[in-house]
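The values are calculated or read from the model by the stated rules, or taken from the named source; none is laboratory data. What you see is a predicted model, and the numbers here were worked out from it, not measured in a lab. Virtual Cβ from ideal backbone geometry, glycine too; neighbours counted across all protein chains shown. Heads up: the accessible areas ignore ligands, DNA and RNA and are worked out on the full protein's heavy atoms, side chains in. Shrake-Rupley method; radii C 1.70, N 1.55, O 1.52, S 1.80 Å.
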Amino acid sequence: MSILLPGQPIALPKGPTLRLGAGTYVREGKPRASLVGTLQSQAGVISIEQTRPHPPAPASVVLGTITRLSPQQALLSITVVDGIPLPPGEEFSGVIRSQDVRATEKDKVKIADCFRGGDVISLGDAKSYFVTTARNDLGVVFATSEAGSTMEPVSWLEMRCPKTGRIEKRKCAKPPDL
């Protein structure tokens, strides 16, 4: 089952009219989720069962924001685990070591060429909150340029500022649909 986010419209199944239960509300004539959770239907009532966040486990996919860089590693604040946002103040800390940035040419990785402070990245979690971006679909998913604009990926190693046209190095995540 897919996870619904607060405010997201709920697709009602065809058939008899259902009543709205816990975790739902109506806005602009459409039923919506008021919690992060999954849709449940019992005895003619639909509700949202709240999905509880959990700590990263081996093979989890997480989203995080780079908080600090050093030549050997990047520190990050993990804010989403397996698609479930963590409550504010309950983020986890993670470390990306230079050898965990990509699967090949590990000895050529320069952390400063892959990430910058504030970058939002997708990660595959490994043990002890050491995280990796070594898969093609893992890496920077959102970055702000020095000019303050949201950057666009142009290759797996570079992003471009739409305002200035300047290219900055990043280890970009390949979108899943490409």
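Table for the structure above
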quantity: Coarse-grained scattering of the chain at q = 0.08, 0.11, 0.17, 0.20 Å⁻¹, given as base-10 log I(q)/I(0) from a Debye sum over alpha-carbon atoms; calculated: -0.34, -0.58, -1.00, -1.20
quantity: Expected-Rg normalisation [2.2 N^0.38 Å, Cα atoms] applied to the range 13-95; calculated: 1.54
quantity: Protein accessible area in the chain, 1.4 Å probe - carbon and sulfur %; calculated: 54 percent
quantity: Interchain or long-range residues, amide H under 5 Å from PHE92's placed H; calculated: ILE78
quantity: Number of Lys pairs (Cα under 24 Å; 8 or more positions apart or on different chains) in the chain; calculated: 17
quantity: Extreme residue, positive dipole direction of the chain, given options PRO88, LEU5, VAL109 (C-beta unit charges); calculated: LEU5
quantity: Average accessible surface area per residue within the range 70-178, 1.4 Å rolling probe, Å²; calculated: 55 Å²
quantity: Highest-first arrangement of 160-169, 112-121, where packing means the average Cβ count within 10 Å; calculated: 112-121, 160-169
quantity: Neighbour net charge for LEU39 - beta-carbon separation under 15 angstrom, K R +1, D E -1; calculated: +3
quantity: Selected from PRO16, PRO71, PRO53 as most flexible by GNM, with the chain as the system and alpha-carbon contacts under 10 Å; calculated: PRO16
quantity: Net charge dipole size for the range 1-153 [Lys, Arg +1 and Asp, Glu -1 on Cβ; Debye, nearest 20]; calculated: 340 debye
quantity: Peptides ranked, highest mean first, by Cβ atoms within 10 Å: ranges 139-148, 21-30; calculated: 139-148, 21-30
